[in-house]
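**Q** Once you've had a glance at the structure underneath, I'll fire off some questions.
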Amino acid sequence: MIIRTPRGLKQADLSRVGRRQLLGGLALGGAGALLGLPFFESLFGGSEAQADDPAPKRLIAFYVPCGINMVDFTPKKQGFAYDLRPILSPLEMIRPKVSVITGLANNPAFPDGAGDHASGTGAFLTVAHPKKTEAADIQDGISVDQVAANAFKSKTAIESMQLGIDGGGGVGNCDSGYSCAYAHNISWSSPTQPLQCLTSPSLVWDQLFSGADPTQTSKEKARQLLYRTSILDYVKDDTTTLRGKLGQTDQKKLDQYLDGVADLEAKIQKSTQGPMCVAIPKPVDGGTVEQHVDIMTDLMTLAFQCDATRVISFMLANAGSNREYPFLNGVTGGHHENSHHGGDPVKLANLTKIGTWEIMQFASLCAKLDAVTDVNGKTILDNSLVYLGSEIEDGNTHYHRNMPILLAGSAGGAITPGQHLVYDESVSVAQLYITMLNALGVPTKSFGDATSPLAKL
Amino acid sequence: MRIDVRRSILGFIMPLSLAACVGHVGDGGTVDDTNPPVPPPIPGAADTGRVTVHRLNHAEYNNTVHDLLGTKLNPALNFPADDTSYGFDNIADTLSLSPVQFELYELTAQTLVNEAMKAAVPSSINRFEAEKIGSPVGVAAGNAWNLYSNGAITVTGKTPEPGDYKIRVRAWQTPDPPDAAHMTLKVGMQSFGFDVTADSTAPMIIEQKVTIPAGVGSVSVSFDNDAVDPVTMADRNLFVDYIEIEGPIGAPKTNPLRDRIMTCDPASGGDTCLREILEGFATRAWRRPLAKADVDGLMKFVTLARAQADTDEVGLRLALRAVLLYPAFLYRVELDADPMSEVTHPLTDYEMASRLSYFLWSSMPDQALFDAASAGKLHEDADLDKQVDRLLADPKSLAMIDNFAGQWLYTRELDQHQADPVLYPTYGADHLLADSMKAEADLFFEELLKSDTLGIDSLLKSDFTYLDDRLATHYGLPAPGSTTPVRVTLKKGSQRGGVLSQGSLLTVTSNPDRTSPVKRGKWILTNLLCSQPPDPPKDIPPLPKMVPKGQTARDLLNAHVSNPVCASCHNVMDPLGFGLENFDAIGAWRTLDNGQPIDASGSLPDKTTFKDGAQMASIIAKDPRFPKCVAKKMSTYALGRGVTTIDAPWLDKLTTDFTAKGSRLHELVKLIVKSEPFRTRRGEIGGGK
């Protein structure tokens, strides 16, 4: 399937805030395009929660595939005056808000035999050891974004969003005997439940704004809500009966269905109490990879702006992606092929160009988040944590230590951004996740293979 | 069947010095030619396995809504991708359902029902008399309205349907030369200007065609250039007689999707009719007969709508949405009388109808299958044979090519494959050559699948293929004089014939810029011999970065042989790929690689030698594991579960029968359909309430 994204949905279209914030006289981040568009009553929620939670903390986990050319990534200097190596050059404008963290290890990501891409991606946010299987008995850990989502879920209509660019599919097992579940997903709500990515901008829009019809009266809206809920009640009751007639493997499948019902019911209930939020026109699927990424980062920004969710994970590509980058000057061959560079200077140069493009997408997302003022006068970026990493360190060695990591934002001042921090390889990336969860207001003592937070950050 | 890893792929003992390979093999220390083991069968009972409740995968969902509703939408194209295992994306154990996917099902049910139930809007002409509408400006003047100053007459009200309309305005002016009265017609955001030159003796009718989008609520006519001549006292006014709206023009007179659902008229038939409609629809959607309680449950939506002072139509649509969201639609549900019992029992005929249709059509049963199920005619061998013949003859069986062959022969991968545009300019950014390759592979497989004479050995060596001019030229063969693929008989000794010489497979098993003998060899091992190569070790030393001048890719890969760690496994993969080195990375014939002559010869671990790909193909065609592998691949796809060690006895028997029947695919389909695993099931310990 080829995804097409629309042209022309630019940063300015997003720089709008809800009526609630507008009435409060808060700054609009360059709201040129605000005029002429109707206000939509949104589906989302938590106005009650917002009253005692003036500056929500939020998390984005941003995944890039195939590792990074570390030579052109790792700053030579440590601390606040770190230098921007070529791959990090897109961070220039927001450097004070971004930390570079090197040296951390993701030891559980080391696979059994081959399969580093799937295993590294499976362990990316879980720091758990994915079980080598391509059958139904997948086993990983809960991912850090889902720990945060569990803590925040009562506050927003959508517990968390999983977004990506690549469809899944592909033939055969995904990577040397590892299920595609590890290669195509980074969010795991439980050790056996991966959460699939949505790649269609129009469907993401639907997820954000379905039912947001400005012409409906509140009476009509209430009636449609009643109808939707009745359908869900019906399928829930009958499915529960059906479940009792099935074997236990089947029951587990229907439990996924019933979880889906419960999640949607919760979302619909919250939709009745939501603050006002401005919808952007529904995007059309299609276009280039660059346009696709651009609209996805727009939608992520919008999801935070509308407080539709507080936790997002995003895959810029699937594990071990062999995407080609003909739009990057002189880059030939696929990403994965280039990542097995074997020291070839041409391939390394290609990797630097691809890496720079990836960081540019990350920087663009951060800039979008930094252009929107949040309820406490800080920007959404300031109040959030935006984490970037990959499934391996270097594409040639398939190493799972000295992982390439960026962390933007400060979770409302809970951590100090803008530094290059270097750790030795005995320190687990899971310690960083503990630090991040604590900074987000989710008290955490242990996660993955770690039982303590990170020193220094 | 498990193969001891120390045996080579073709069944010969590997030299012990090459047994280093054992070290990288996964859990069990053996190379399993299947997949993870399952618990042993209960002694004394033939266990035919168990298929987990099967969520429709995306191809099945799309096909099912096409057949159920008549829609042309493909909603599942945008769903999160299905995961794959055992080489296919229809494995019930692997197909999961995330909350996002559930939400999309809910949204999609509404979209589909709205489309299917939309009432056809007949074209009509509505005339609005201007003097009855009036305006803040002007005055009624007989049968018209006199706009004596700049102002507008506005018709409000929702246009029922988006579409093409004709708008007519009958109007005249009282003149004040030189300009005529200027009138603007506004339809929503669109406006059209006219000079009204006629006077009251011969009023003019202005007609404008316009496409009205959804939700436009107003049409207006305005007078823009009011004037009075101070000398002559000529007073320019605009008189409007009426505004007429005709349309939607060219809209279909009926909605066939709606007619299919509305088997009776609820206006006259009342609740009896509503029940009939719901029972008919849900029976097809859930692919089983309904109980009275099922219909009662759906009728509650009609009651709900009535309580809200809504129409029965609203209630009916809610019930239809519920049908499309219910697990009996989204999953293939098969029941056991006792879900806790592991005793094998036959499927019901309705369950067999779905097994057949989803295997051969990737879609729901048609009426003939439902009728056969209802008549109890889907469990005898003869009936099943007859249905297989009928289903395979139906164009819907192309789903077997897209979904089974597409994944087995990797043709699906062609859609995404890219070749290096500098090295392979003929591959083309327009993807047309790739389309021709895919057509060749698809048509070739279709002929094998339906043939009464060709055996599976033709998959590897055939005297025909399907070419259009573009692909023939690419292959260096005479163009058949057709821009669409036609069946071409190949000369004896042709370089082509069989999947191993088809552009499709050769391309998708190549890198964008060079061939990959490793990938090609691995494909042969995995998909023709069902022998999973062992995993490579970690920290593989890189191959030299560039092919040195004057060396071939084969020279480069010889590094695998010189390093004993690599050699243990690559000695079984690479030679198979070397046999295909005469085909470049987009499947064109070549005799040179990097300026050096191609050596497509090879030897297998038992020292059997071949001189080229054709000879290698005939060795594989004679390998007893080849028909068994074909049987296993198709069984996996047919059952939607992994075919594992537990299945070894019946897989052996299936292979024997298949080979005895001339190893024809059509016969294999019938043998699988009549096999015990296909027509029986069982419960499992730990289920139930």
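**Q** More than 14 Å from chain A (Cβ to nearest Cβ) and open to solvent by 20 Å² or more (accessible area, probe 1.4 Å), is that true of B:Thr608?
**A** Details: more than 14 Å from chain A (Cβ to nearest Cβ): yes; open to solvent by 20 Å² or more (accessible area, probe 1.4 Å): yes.
So B:Thr608 passes the test.
**Q** In the list B:Ala293, B:Ala305, B:Ala282, which residue meets the criterion of being open to solvent by less than 30 Å² (accessible area, probe 1.4 Å) and more than 34 Å from the chain's Cα centre (by Cα)?
**A** Details: B:Ala293 fails: open to solvent by less than 30 Å² (accessible area, probe 1.4 Å); B:Ala282 fails: more than 34 Å from the chain's Cα centre (by Cα).
Being open to solvent by less than 30 Å² (accessible area, probe 1.4 Å) and more than 34 Å from the chain's Cα centre (by Cα) holds for just one of B:Ala293, B:Ala305, B:Ala282, which is B:Ala305.
**Q** Something else: Looking at region A:233-247, which of its residues are more than 8 Å from chain B (Cβ to nearest Cβ) and not polar (S, T, N, Q)?
**A** Here is the first cut: in region A:233-247, the ones more than 8 Å from chain B (Cβ to nearest Cβ) are A:233, A:236-237, A:240-241, A:243.
Across region A:233-247, the qualifying residues are A:Asp233, A:Lys236, A:Asp237, A:Arg243.
**Q** Just to check your reading of the model, which residue among B:Ala59, B:Ala45 is at pLDDT below 95 and open to solvent by less than 60 Å² (accessible area, probe 1.4 Å)?
**A** On the way: B:Ala59 fails: at pLDDT below 95.
Of B:Ala59, B:Ala45, the one residue that is at pLDDT below 95 and open to solvent by less than 60 Å² (accessible area, probe 1.4 Å) is B:Ala45.
**Q** Give the residue that is modelled with the highest pLDDT, with candidates limited to residues of region A:248-264 that are open to solvent by 40 Å² or more (accessible area, probe 1.4 Å) and within 8 Å of another protein chain (Cβ to nearest Cβ). Please lay out each step first, then the result.
**A** Pass one, region A:248-264, residues open to solvent by 40 Å² or more (accessible area, probe 1.4 Å): A:248-249, A:252, A:255, A:259, A:262-263.
With within 8 Å of another protein chain (Cβ to nearest Cβ) added as a condition, the list becomes A:248-249, A:259, A:263.
Details: A:Gln248: 88, A:Thr249: 90, A:Asp259: 93, A:Asp263: 89.
My answer is A:Asp259.
**Q** Among the residues of region B:96-124, count how many are part of a loop (DSSP other than H, G, I, E, B) and within 8 Å of chain A (Cβ to nearest Cβ). Reasoning before the result, please.
**A** Of the residues in region B:96-124, the ones part of a loop (DSSP other than H, G, I, E, B) are B:96-98, B:118-123.
Within this subset, residues satisfying the condition of being within 8 Å of chain A (Cβ to nearest Cβ) are B:96-98.
Of the residues in region B:96-124, 3 are part of a loop (DSSP other than H, G, I, E, B) and within 8 Å of chain A (Cβ to nearest Cβ).
**Q** Considering only region B:655-663, I want to know if a residue exists there that is closer than 23 Å to B:Ser501 by Cβ, free of Cβ contacts under 8 Å to residues at least 60 places away in the same chain and away from every other protein chain (no Cβ under 14 Å).
**A** Within region B:655-663, none of the residues are closer than 23 Å to B:Ser501 by Cβ, free of Cβ contacts under 8 Å to residues at least 60 places away in the same chain and away from every other protein chain (no Cβ under 14 Å).
**Q** Additional query: Consider B:Ser341 against the criteria (1) farther than 16 Å from B:Thr52 by Cβ; (2) at pLDDT 95 or above; (3) open to solvent by less than 40 Å² (accessible area, probe 1.4 Å); (4) more than 8 Å from chain A (Cβ to nearest Cβ): it satisfies all of them except one. Which criterion is unmet?
**A** (2)
**Q** Give the residues of region B:73-90 that are of a type outside the set (A, V, I, L, M, F, W, C) and farther than 13 Å from B:Thr111 by Cβ, sorted by residue number. Lay out the reasoning, then the answer.
**A** Start the filter on region B:73-90 by keeping residues that are of a type outside the set (A, V, I, L, M, F, W, C), which leaves B:74-75, B:78, B:80, B:82-87, B:89-90.
Correct list: B:Pro80, B:Asp82, B:Asp83, B:Thr84, B:Ser85, B:Tyr86, B:Gly87, B:Asp89, B:Asn90.
**Q** For region B:374-390, which positions are of a type in the set (A, V, I, L, M, F, W, C) and either open to solvent by 10 Å² or more (accessible area, probe 1.4 Å) or assigned by TED's automatic domain parsing to the domain that holds B:Gly640 (or both)?
**A** Filtering region B:374-390 down to residues of a type in the set (A, V, I, L, M, F, W, C) leaves B:375, B:378, B:382, B:384, B:388.
Within region B:374-390, B:Ala375, B:Ala382 qualify.
**Q** Take the conditions modelled with pLDDT under 75, open to solvent by less than 60 Å² (accessible area, probe 1.4 Å) and not in a helix (DSSP H, G or I) and apply them to B:Ala92. Does it pass?
**A** On the way: modelled with pLDDT under 75: no; open to solvent by less than 60 Å² (accessible area, probe 1.4 Å): yes; not in a helix (DSSP H, G or I): yes.
Here the answer is no, as B:Ala92 does not meet what is asked.
**Q** Then there's this: If you go through region B:495-517 one residue at a time, how many are out of contact with any Asp or Glu (no Cβ under 6 Å at 6 or more places or on another chain), more than 21 Å from B:Gly428 (Cβ to Cβ) and not in a loop (DSSP other than H, G, I, E, B)?
**A** Going through region B:495-517 one residue at a time, the tally reaches 2.
Rundown of residues vs (1) within 13 Å of another protein chain (Cβ to nearest Cβ); (2) crowded, with 20+ Cβ neighbours inside 10 Å; (3) of a type outside the set (D, E, K, R), yes/no style:
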site: B:Leu324; (1), (2), (3): yes, yes, yes
site: B:Ala328; (1), (2), (3): yes, no, yes
site: B:Tyr331; (1), (2), (3): yes, yes, yes
site: B:Glu334; (1), (2), (3): yes, yes, no
site: B:Thr348; (1), (2), (3): no, no, yes
site: B:Ala353; (1), (2), (3): no, yes, yes
site: B:Tyr358; (1), (2), (3): no, yes, yes
site: B:Trp361; (1), (2), (3): no, yes, yes
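**Q** Moving on. Of the residues B:Ser462, B:Ser397, B:Ser482, only one is assigned to a helix (DSSP H, G or I), open to solvent by less than 60 Å² (accessible area, probe 1.4 Å) and among the polar types (S, T, N, Q); which?
**A** Working: B:Ser462 fails: assigned to a helix (DSSP H, G or I); B:Ser482 fails: assigned to a helix (DSSP H, G or I).
Step by step, each of B:Ser462, B:Ser397, B:Ser482 is checked, and only B:Ser397 is assigned to a helix (DSSP H, G or I), open to solvent by less than 60 Å² (accessible area, probe 1.4 Å) and among the polar types (S, T, N, Q).
**Q** Follow-up question, since we're still on this one. Could you tell me whether B:Arg470 is open to solvent by 70 Å² or more (accessible area, probe 1.4 Å) and under 25 Å from B:Val669 (Cβ atoms)? Break it down into steps so the answer makes sense when it comes.
**A** Details: open to solvent by 70 Å² or more (accessible area, probe 1.4 Å): yes; under 25 Å from B:Val669 (Cβ atoms): no.
Against the criterion (open to solvent by 70 Å² or more (accessible area, probe 1.4 Å) and under 25 Å from B:Val669 (Cβ atoms)), B:Arg470 does not qualify.
**Q** A follow-up question, please. Looking only at residues in region B:65-89 that are in contact with a Leu (Cβ under 8 Å, 6 or more places away or on another chain) and not in a loop (DSSP other than H, G, I, E, B), which one is surrounded by the fewest Cβ atoms within 10 Å (Cβ to Cβ)?
**A** Per the stated criteria, the residue is B:Pro75.
The values are calculated or read from the model by the stated rules, or taken from the named source; none is laboratory data. None of the values given here were measured: they were computed from a predicted structure. Methodologically, a virtual Cβ is constructed for each residue, glycine included, from the backbone with ideal geometry; neighbour enumeration extends over all protein chains shown. Calculation scope for accessible area: heavy atoms of the full protein, side chains included, ligands and nucleic acids excluded. Shrake-Rupley method; radii C 1.70, N 1.55, O 1.52, S 1.80 Å.
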